[in-house]
Each structure stands twice: as C-alpha cells, then as structure tokens.
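Written below as structure tokens is the structure these notes are about.
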Amino acid sequence: MSQLGTLTRADLAEVVHREVGLSRADSAAMIEQILAGMSDALERGENVKISGFGSFILRDKGERVGRNPKTGIEVPIAPRRVLTFRASQLLRDQIVKSN
C-alpha cells in the first residue's frame, strides 16, 4: 500500500500479481477491466454490488434551495446524480475488529 494509506490501482495489481500469479501486465490489465466494467455500469445508471464488500449506489437528487454561508443569499442548487458507497455488514464487522 502507498505511504499515505491510499490503495491505488498499482497496489491492487500487485496484490493480484502476488496472490494469483499473473504477470504484472496481466494483473494491471485485469484491474483496469474490472474498474472499467464498474464505471460503465454506473454510467448506464446501474448500481454496482460487490458481495461481501459493499454497494455503489446512484441517487438522483432534486433541485433545492441552498444558502451562501458568507452572504446568506439563497441560491438554487440544480438537480444532480450522486454516487454513494454503502459498506456490507461483513466489511463493517472487519473494520470494527481491526480497531
């Protein structure tokens, strides 16, 4: 894992290389294919569920009125689509045990 505690694509490819035994190039290509498949599904409006890990869920948020904190002026916030992640119970339990 990288120094700052961020797991990168290269880190994932390295794990696949070590654990599965694929070449580094094949491992990197596999990670890219998986991430591209997830991105494509989300782009089509589909949620992505990885059993035992969690779900990437798309939500459509309607237009609402916000307020500029400096001036207090009300500003309309346009409708938008947001991506959220919900960890599975198994992942939550693992995180709690590791602390």
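Rule-based calculations on the coordinates, nothing more; no lab input. Remember, predicted model here, so these are calculated numbers, not experimental data. Glycine gets a Cβ as well: all are built from the backbone with ideal geometry, and neighbour counts include every protein chain shown.
Quick one: helix 9-20 against the long Cα principal axis of the chain, what's the angle to the nearest 10°, folded into 0 to 90?
Roughly 30 degrees, rounded to the nearest 10.
Specify the angular offset, from 0 to 90 degrees and rounded to the nearest 10, of the alpha carbon long axis of helix 24-43 from the longest principal axis of the alpha carbons in the chain.
30
Sorted by average packing, counted as other Cβ atoms within 10 angstrom per residue and highest first, what order do 63-74, 7-18, 80-91 take?
7-18, 80-91, 63-74
In straight Cα distance, which lysines are under 26 Å from Lys97, not counting same-chain residues fewer than 8 positions off?
Leaving aside lysines fewer than 8 places away in the same chain, those within reach of Lys97 are Lys49.
Against the longest principal axis of the chain, how steep is helix 89-98, in degrees 0 to 90 to the nearest 10, with axes from Cα atoms?
So the helix axis and the longest Cα principal axis differ by about 70 degrees.
Pull up all non-local amide H partners of Phe53: gap of 5 or more, or a different chain, and H-to-H distance under 5 Å with H placed in the peptide plane.
Answer set, sorted by chain and number: Ser88.
In debye, nearest 20, what is the charge dipole magnitude of the chain about its Cα centre with +1 on Lys and Arg Cβ and -1 on Asp and Glu Cβ, if you could check? Each step should come with its number before you reach the end.
On the way: 15 positive and 12 negative charges, 109 e Å.
The dipole of the chain has a size of about 520 debye.
For Lys61 and Ser88 in the same chain, what is the full-extension length gain: residue separation times 0.36 nm, less their Cα-Cα distance, in nm?
Additional length available on full extension: 7.4 nm.
Among Gly37, Pro76, Ser98, which residue has its Cα positioned farthest towards the positive end of the charge dipole of the chain, with +1 placed on the Cβ of Lys and Arg, -1 on the Cβ of Asp and Glu, and the dipole taken about the Cα centre?
Pro76
For labels at Val96 and Glu46 in the simple 7 Å Cα→Cβ model, what's the distance in nm?
3.2
In terms of the Cα gyration tensor, with a ≥ b ≥ c the square roots of its eigenvalues, is the stretch 47-99 rounded because a/c is under 1.5, prolate because a/b exceeds b/c, or oblate?
Judged from the Cα gyration tensor, the stretch 47-99 comes out oblate (a/c at least 1.5, b/c at or above a/b).
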